[in-house]
Amino acid sequence: MIKINELAPDFTLKNEFNEDVCLSSFRGQKVILYFYPKDFTSGCTVQAICFSKHNDEFNKLGYKVIGVSKDTVASHSRFILKQNLNFMLLSDPTRQVLETYGVVKEKTMYGKKVKGTRRTTFIINEEGLISDIFYDVDPKTSTKELLAYLSSNK
């Protein structure tokens, strides 16, 4: 389990342009790394639109927003285009990074056990250390709450 003040586990994933993106390449910047279940679902769409709407404010506070899900690069490209998103989405189809960050959870759907993604946000400081973790966030309110929290703790 990842803890506050630990080094954020490094990874390389593909972005919406099928380019490799390495988390450690953001050292020297603050990062909001958020994990979400699935492109185009209602909660994930609301959350992504909220991040996009407030992205300039996060940038002014020095934060780069990065979303991660198990969806494909092609899905992320369509999602960004359709929702007019202005931040990067990374594809983790093997769920390796999701597992590393401890955001995979077992849930029951229609009587069957399935693996899903726990909606989680990690705040990473300039040194690459985890400074905050927010588990099971509400997609409708978490972005505004996060912005208020980060604004008051700058």
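None of the figures in this text is laboratory data; all of them are computed from the coordinates on show. Values in this document were obtained by computation on a predicted structure and should not be read as measured data. Heads up, the Cβs are rebuilt from the backbone with ideal geometry, glycines too, and the neighbour counts pull from every protein chain shown.
Data table
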quantity	calculated
Neighbourhood charge, 15 Å Cβ-Cβ cut-off, centred on LEU7 and excluding it, Lys, Arg +1 and Asp, Glu -1	-2
Inter-site label distance for VAL114 and TYR149 at 7 Å from Cα along Cβ, in nm	2.8 nm
DSSP loop GluC sites (Glu not before Pro) with at most 12 other Cβ within 10 Å: longest gap in the chain	20-126
Cleavage-rule hits (trypsin sites (Lys or Arg not before Pro)) in region 72-101: DSSP loop, at most 16 neighbouring Cβ within 10 angstrom	ARG95
Using θ = phi - 60° and Karplus 6.51 cos²θ - 1.76 cosθ + 1.60, couplings along region 38-46 (whole Hz; Gly, Pro as x)	6, 4, 6, 7, 4, x, 5, 5, 4
The chain, helix-only ellipticity at 222 nm - DSSP H runs n ≥ 4, -39,500 (n - 2.57), divided by all residues, nearest 500	-8000 deg cm²/dmol
Computed lengthening from LYS60 to LYS140, 0.36 nm per intervening residue step minus Cα-Cα distance	26.6 nm
Simple label model, 7 Å out from Cα along Cβ direction - GLU6 to ASN86, nm	3.5 nm
Region 1-74, Cα convex hull volume normalised per residue, Å³	117 Å³
Rh by Kirkwood over Cα pairs, then Stokes-Einstein D for the chain at 1.567 mPa s and 4 °C, µm²/s	83 µm²/s
Which of SER142, LEU98, THR108, positive extreme of dipole for the chain (C-beta unit charges)	THR108
Taking the chain and dividing mean pair separation by its residue count, relative contact order in percent (alpha carbons under 8 Å, at least six apart)	32 percent
19 Å Cα-Cα reach of LYS30 towards lysines, excluding residues that sit fewer than 8 places from it in its own chain	LYS3, LYS53, LYS60, LYS64, LYS144, LYS154
Cα-centred dipole magnitude for the chain, charges only on beta-carbon of K, R (+1) and D, E (-1), debye, nearest 20	560 debye
